[in-house]
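The values are calculated or read from the model by the stated rules, or taken from the named source; none is laboratory data. Computed from a predicted structure; not experimentally measured. Reconstructed Cβ throughout: ideal geometry from the backbone, glycine too, with neighbour counts over all protein chains shown. Just so you know, the surface numbers come from the protein's heavy atoms only, side chains and all, with ligands and any DNA or RNA stripped out. Shrake-Rupley method; radii C 1.70, N 1.55, O 1.52, S 1.80 Å.
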Amino acid sequence: METIGLSHYLILSAIIFTVGVYGALAKRNAVVILMSIELMFNAVNIAFVAVSRYGPIPPGAPGVDLTGQIFALFIITVGAAEAAVALAIILAIYRLRRTISIDDLNLMKW
Amino acid sequence: MAPGFLEPLIFYVAAAVLIIGALAVVFLPRIIHAALSLVLFFVATAGIFILLHAEFVAAAQILIYAGAITVLVLFAVMLTQQSQSLESNPFNAQGLVASFVAAATFAAILPALLAIPGKNRPGPNIDLIPELGKAMLGPWILSFEIASVLLLAALIGSIVIAKEN
């Protein structure tokens with residue numbers, strides 16, 4: 001088997017991101033759309049951490065570049081905040097309309 | 001087993017679990033199965049992070065995604081479930097457009113990702129967690145503080161949105 005390099009991780013990240021895009025656009029249940037968005041967050045995190053390990057080291061950095069890992073940690077933080085608020089909105093919508101099917105939630109559609 | 005053989009093996013197993021888990025989230029007909037596939041996906045992502053020597057990110061991934069967000073999603077699934085029907089995870093009418101947009105996204109991001117100049121040998125295998133702590137409280141201190149304000153705002157905001165009346 002060949003050695004695993006940066007391109008392996010980036011192709012994996014692109015595949016997962018694509019599945020997430022498809023899920024976010026093609027599903028009807030709002031919770032599943034949120035789950036697909038989480039798939040996309042994780043795909044981006046894999047790309048960031050892979051570039052942090054295999055990418056070029058900027059001049060002046062001390063041997064190893066941690067920017068990718070720090071970005072991944074902030075994405076995890078923002079993802080957690082986003083999930084909490086989005087699920088709260090979904091619960092509020094469900095309480096009001098008794099459905100979370102996005103086909104029925106078309107009040108803001110022009 | 002030599003490490004040179006182990007790393008590709010772990011990568012391909014984790015990658016297979018990741019892709020199967022992601023497809024299961026989108027394509028399984030019952031939403032509770034999709035939500036549980038998401039746990040598998042998050043744990044496999046943590047495996048990829050460990051393979052990339054990002055142990056702290058892997059630990060945060062397990063704690064926050066596999067631990068907290070999964071519980072939130074399962075609670076949302078339980079509280080919004082109308083019936084025990086087989087088709088609780090349906091597709092909408094935009095399947096064709098969605099697959100076109102997804103294919104276009106893949107075609108757009110893949111060349112951009114592969115254009116990243118990577119040295120095909122990894123960085124040094126030193127303990128990065130102290131460096132991560134120094135970076136977090138050094139050059140990234142402003143982002144760190146803003147993240148804590150964001151978490152507080154999300155906490156209060158979700159309570160206000162989700163509570164009765």
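Quick notes
- Pairs of alpha carbons in chain B whose separation is greater than 20 Å (percent): 70 percent
- Average partner coverage of B:88-98, which counts Cβ from other chains inside 10 Å: 5
- Carbon + sulfur, % of accessible area of chain A - ligands and nucleic acids excluded, 1.4 Å: 69 percent
- Span-like helix check, chain B: qualifying full DSSP H segments, with Cα axial length of 15 Å or more and mean Kyte-Doolittle of 0.0 or more, are B:3-27, B:31-51, B:95-114, B:141-162.
- For the protein assembly as shown, the spread of Cα coordinates along the three principal axes comes to 55, 41, 38 Å, biggest extent given first.
- Amide H within-cut-off set for A:LYS27, under 5 Å, with H built and near neighbours excluded: B:ASN92
- Since only A:VAL19, A:LEU96, A:VAL44 are under comparison, the one whose Cα sits farthest along the positive direction of the charge dipole of segment A:6-101, derived from C-beta charges on Lys, Arg, Asp and Glu, is A:LEU96.
- Relative contact order (%) - chain B, alpha-carbon pairs under 8 angstrom, separation at least six: 18 percent
- When the Cα positions of B:ALA112, B:LEU6, B:PRO130 are compared along the charge dipole of chain B, B:ALA112 comes out farthest toward the positive end, with charges on each C-beta of Lys, Arg, Asp and Glu.
- Neighbouring partner chain Cβ atoms per residue of A:36-44, average, 10 Å criterion: 5
- Ordering B:150-158, A:39-47 by mean Cβ neighbour count within 10 Å, with the highest value first, yields A:39-47, B:150-158.
- Computed over segment A:36-106: relative contact order in percent, which uses C-alpha pairs under 8 Å that are six or more apart: 26 percent
- Solvent exposure of chain A amounts to 40 Å² per residue of accessible area, where only protein heavy atoms count and the probe is 1.4 Å.
- Globularity index of chain A, i.e. its alpha-carbon radius of gyration over 2.2 N^0.38 Å: 1.39
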